[in-house]
1. So how do 156, 127 line up by other beta-carbon neighbours within 10 Å, fewest first?
2. Name the residues of the range 125-150 whose amide N is less than 20 Å from a point 7 angstrom out from the Cα of residue 247 along the C-beta direction?
3. For the Cα atoms of the chain, what angle does the longest principal axis make with the long axis of helix 110-125, in degrees from 0 to 90, nearest 10?
4. If we count other beta carbons within 10 Å of each Cβ, what is the order of 245, 176, fewest first?
5. At a Förster distance of 22 Å, what's the computed FRET efficiency of residue 39 paired with residue 96, Cβ-Cβ distance as r, to 0.05?
6. Which value in Å does the Kirkwood hydrodynamic radius of the range 7-265 take, with 1/r averaged over all unlike C-alpha pairs and then inverted?
7. Once you treat every alpha carbon in the range 48-92 as an equal point and sum by Debye, what is log10 I(q)/I(0) at q = 0.20, 0.23 Å⁻¹?
8. Please determine, in degrees from 0 to 90 and to the nearest 10, the orientation of helix 39-48 with respect to the longest principal axis defined by the Cα atoms of the chain, where the helix direction is its Cα long axis.
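Here, each number is a calculation from the coordinates, and none is a lab measurement. Quick caveat: nothing in here was measured; it's all calculated off a predicted structure. Cβ: placed from backbone, ideal geometry, glycine included. Neighbour counts: every protein chain shown.
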Ligand SMILES: NC(=O)c1ccc[n+]([C@@H]2O[C@H](COP(=O)([O-])OP(=O)(O)OC[C@H]3O[C@@H](n4cnc5c(N)ncnc54)[C@H](OP(=O)(O)O)[C@@H]3O)[C@@H](O)[C@H]2O)c1
């Protein structure tokens, strides 16, 4: 789908990657509905984007019913970019029931319910694109990431199942799956280093992938250096090998440092 002039609902718009996606899509001529929890941050972002007619909707996707209300307030949407998420790191035994429920709701339930609510209108209007921001954490499990892994594996499964249901319809779905992102976002904010030798990608490359996704029939676009994509694939095909590799001190230390740098985002 040609993005210029299309109405795009972007969740997690105020985050490190969300801001870059907003800038890239606005520069390509999209009309954005920006959503997150902070009205001030959303207004400031909307005012900084190229083009005009961008709007904001404040929504706390950790609240039951919020996804449906957000979809209803957004009205007719051509493109959904489901990007909001919590890092969801830490040992599951260190999380409260409420934290686990919120992580599942924001990262997994909300993209599902947004797609469910927006799809009928897209099908009726004869055009639509669903872009889900997944992660390589949806392919390989990692220490201190069990809930994040659960949400991103779950999102990947939902995305591929829904894409299959959308076959032969005017609506398509693409899962954009980044690896570790430097410069901005939940990984960069943690102050942790990526595990040695794996490299990182940038918010700009993720945003470019989202732009490509809007005009593509591919169901998955991975955004990461080759070594990271290979390791994630090994994790998918042979979890035992991946588990052994990450059991060493380097993997454990990197996971501890990431989780301790993300405790404030629970
Ligand atoms: N950064 C990475 O290395 C990386 C790698 C792979 C995949 N990803 C994925 O990329 C996407 C964006 O991540 P990011 O790095 O940009 O994270 P981020 O900087 O932490 O931004 C998260 C965004 O989600 C919003 N959000 C958080 N809690 C919310 C809630 N309860 N209701 C509504 N919105 C909420 C935040 O806004 P408010 O707090 O203002 O509400 C913010 O806009 C996520 O899906 C993430 O899993 C990131």
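1. Neighbour counts put them in this order, fewest first: 127, 156.
2. Zone members listed by number: 140-146.
3. The two axes meet at around 30 degrees.
4. Ranked by crowding around the Cβ, least crowded first: 245, 176.
5. 0.20
6. Hydrodynamic radius (Kirkwood, Cα pairs) of the range 7-265 is 18.4 Å.
7. -0.85, -1.01
8. 70
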